[in-house]
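Below is one structure; the comments refer to it alone.
Readers should treat all values here as calculations from the given coordinates under stated rules, not as data from a laboratory. This is a predicted model, so every value here is computed, not measured. Cβ placement follows ideal geometry from the backbone for every residue including glycine, while neighbour counts extend to all protein chains displayed.
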Amino acid sequence: MILPKFEYNKAENIAKAIAFYESYNGQVRYLAGGTDLIPLVKLRLSTPMAIIDLKGIEELKTISHQGRSLVVGANVTLFELKNNDMVRDYFPVLHESLDKTSCETLQMRGTIGGNILQGTRCLLYNKSLEWRTALGFCFKMGGETCNVVPNAKACFSNYCSDNALSLIALSASVNLSGPQGNREMKLEKIFSGDGRNPFTLMPGEILTKIRIPMKRSKGAYEKLRVRGSIDYPLLGVAVSIKDNAGRVCVGGIGSTPLVYSLENINKDTFTNVAKKAYNNARPVANTALSPGYRKKMVSVLIQRAIKRALKEGK
Amino acid sequence: MKTTKVTFHVNDEKVTVQARPYETLLETLRERFDLTGVKEGCGMGACGACTVVMNGIPLRSCLVLTPEVNGASITTIEGLRKDGKLHPLQEAFMEKGAVQCGFCTSGMILTAKALLDRKKRPTKKDIIKTISSNICRCTGYKKIIEAVEEAGKKKA
């Protein structure tokens, strides 16, 4: 598929990237690995005046141990992060979700920052312009209806990052830089709850670093998908446990992941979390699998992930 | 529209193009250099038919803008033959009958080449995992896996 016209600029540092953003009056998209952005632009779901390439920014490419955190630059590729010894030893849940993300070739191109900030997806949204025009535009395309759920007031597109779920389970936070300055926030706070515009990032903001508290954990990631490779999650469950307490994060259903804490882990506490998540999950008919099946699997995968985390992740 | 001067290596040859900013590497390789061994399948990064090797790693050329590859070194299927001799992977694919329609073959071979270059003795599990990046709709995966194993043995 042929790309629409846009200009290309490469930024050597964050200040330069933000300057480009301002010089185009915000009509730009930031490019890292491009595995999410380029398909969106090809489908005319995003039509920027210019693309700002962030791959030349050296400080976004490093993984370092600072104080009590592992600090990961947003442009570190998924493959590099997966093969990092510290990730393997300290954060098994993240190692697993990285391994289950897409396929090896795309892991070598896709970045952790881009993976976190990927667009939300829907069976009736990620389609060509002609296809979408024939059906009529939905909320997320600027229309006034949802094509999946008649008379709905909201957008039910799914957030499909595997690794954000693991990072939330690990209580990670993110650093953002934008025209208004720098800030740090908990990863789970970047979600707006609205599928049309799923993130609370301010215009022009760039995700620069991810900070993961440096503490050895047990963990597991369970992913529901049709094929064993390439697919986005139709449901993802991340569990991370430290000292008999932990966090469970459920994603792939709706635009915001669900987060639960686990305390005094025993059979009752984790069936309770599974029940709670089952009741809160609201899948709709916008993926390759039925909503009823995905809802049932929430409870199954949570219990499976917790059991596996307790057994394996020593 | 402003074009960008991009200099890179294709199959060990230094080239310079004035690329459109919205031109993909796939288009550049096929249309400017006639390297039609690079195939366009889905055009969305899902199928792997357009895979080339960039600086030792496999890359979906349909997802990459040509200005992004400035300074890089690209290998396509056409560049695997050295001194009139085919690459061991190409030989193994023929020997094992790992080619049916042939559309996925160049992507498969280049993905496998990157694996053999970074891992001395890949296990069958490693090969399956790597090859699962690419789609073969004739579903000849078994033969492809056998061919990569064979080439891996010969190389080691």
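For each of B:LYS129, B:LYS2, count neighbouring Cβ atoms within 10 Å of the residue's Cβ, then give the residues from fewest to most.
B:LYS2, B:LYS129
Straight-line cross-link partners of A:LYS153 among the lysines, defined as a Cα under 19 Å from its Cα and at least 8 positions apart when in the same chain: A:LYS140. Within 10 Å of the Cβ of each residue in A:95-105, the mean number of Cβ atoms contributed by other protein chains is 4. Just so you know, the averaged projected area of the alpha carbon convex hull for chain A sits at 15.7 nm². Here's how it looks for A:ILE253: its modeled amide H is under 5 Å from those of A:TYR159, A:GLY236, which are all 5 or more places away or on a different chain.
Per-residue 3J(HN,Hα) values for segment A:209-220, derived from phi via the Karplus relation 6.51 cos²θ - 1.76 cosθ + 1.60 with θ = phi - 60°, read 9, 10, 10, 10, x, 7, 9, 4, 9, 9, x, 7 Hz in sequence order (x marks Gly and Pro).
Qualifying GluC sites (Glu not before Pro) in segment A:19-65, where qualification requires a DSSP coil assignment and no more than 11 other C-beta atoms within 10 Å, are lacking entirely.
Less than 5 angstrom separates the built amide H of A:PHE199 from those of A:SER192, all sequence-distant by 5 or more or on a different chain.
Cross-linked pairs B:LYS85/B:LYS124; B:LYS82/B:LYS155; B:LYS85/B:LYS113; A:LYS82/B:LYS153: Cα-Cα separations exceed 18 Å for B:LYS85/B:LYS124; A:LYS82/B:LYS153.
Sorted fewest first by neighbouring Cβ atoms within 10 angstrom, A:ASP36, A:ASP162 come out as A:ASP36, A:ASP162.
Within the shell of other residues whose beta carbon sits under 13 angstrom from the beta carbon of B:ALA49, the net charge comes to +3, with Lys and Arg scored +1 and Asp and Glu -1. Candidate cross-link partners of A:LYS10 among the lysines, defined by an alpha-carbon separation under 21 Å and a same-chain spacing of 8 or more, comprise A:LYS42, A:LYS55, A:LYS61, A:LYS209, B:LYS2, B:LYS5.
Out of every Cα-Cα pair that segment B:88-155 contains, those further apart than 15 angstrom amount to 40 percent. Let me see the pair-distance distribution of segment A:6-69: every alpha carbon pair, 5 Å bin width, integer percents in order. Pairs per bin, as whole percents: 4, 17, 25, 21, 15, 9, 5, 4, 1.
With each label modelled as a point 7 angstrom along the Cα→C-beta vector, the A:TYR24-B:THR16 pair spans 2.6 nm.
One Cα centroid belongs to segment A:127-147, the other to segment B:35-105; the line between them spans 36 Å. The string of couplings for segment B:62-70 from the Karplus curve (6.51, -1.76, 1.60, θ = phi - 60°) is 6, 9, 10, 7, 4, x, 5, 9, 3 Hz, one whole number per residue in order, with x for Gly and Pro. Measuring nothing but alpha carbons in chain B and taking Rh as the Kirkwood radius, the Rg to Rh ratio lands at 0.98.
Axis angle, to the nearest 10 degrees, between helix B:105-118 and the longest C-alpha principal axis of chain B: 80 degrees. The mean of 1/r over all pairs of different alpha-carbon atoms in segment B:48-115, once inverted, gives a Kirkwood hydrodynamic radius of 12.6 Å. Remark on segment A:203-247: ratio of C-alpha radius of gyration to 2.2 N^0.38 Å is 1.61. Put in line by how crowded their Cβ is, counting other Cβ atoms within 10 Å and starting with the fewest, A:MET297, A:MET86 read A:MET86, A:MET297.
If you count, for every residue in A:67-79, the Cβ atoms of partner chains within 10 Å of its Cβ, what is the mean?
Working: counts 0, 0, 0, 0, 0, 0, 0, 0, 0, 0, 1, 0, 1.
If you average over the peptide's residues, the count of other-chain Cβ atoms is 0.
Quick note on segment B:4-79: its Rg to Rh ratio, both from C-alpha atoms and Rh being the Kirkwood radius, is 0.91. When the P(r) is computed for segment A:43-165, the part past 19 Å accounts for 59% of the Cα-Cα pairs.
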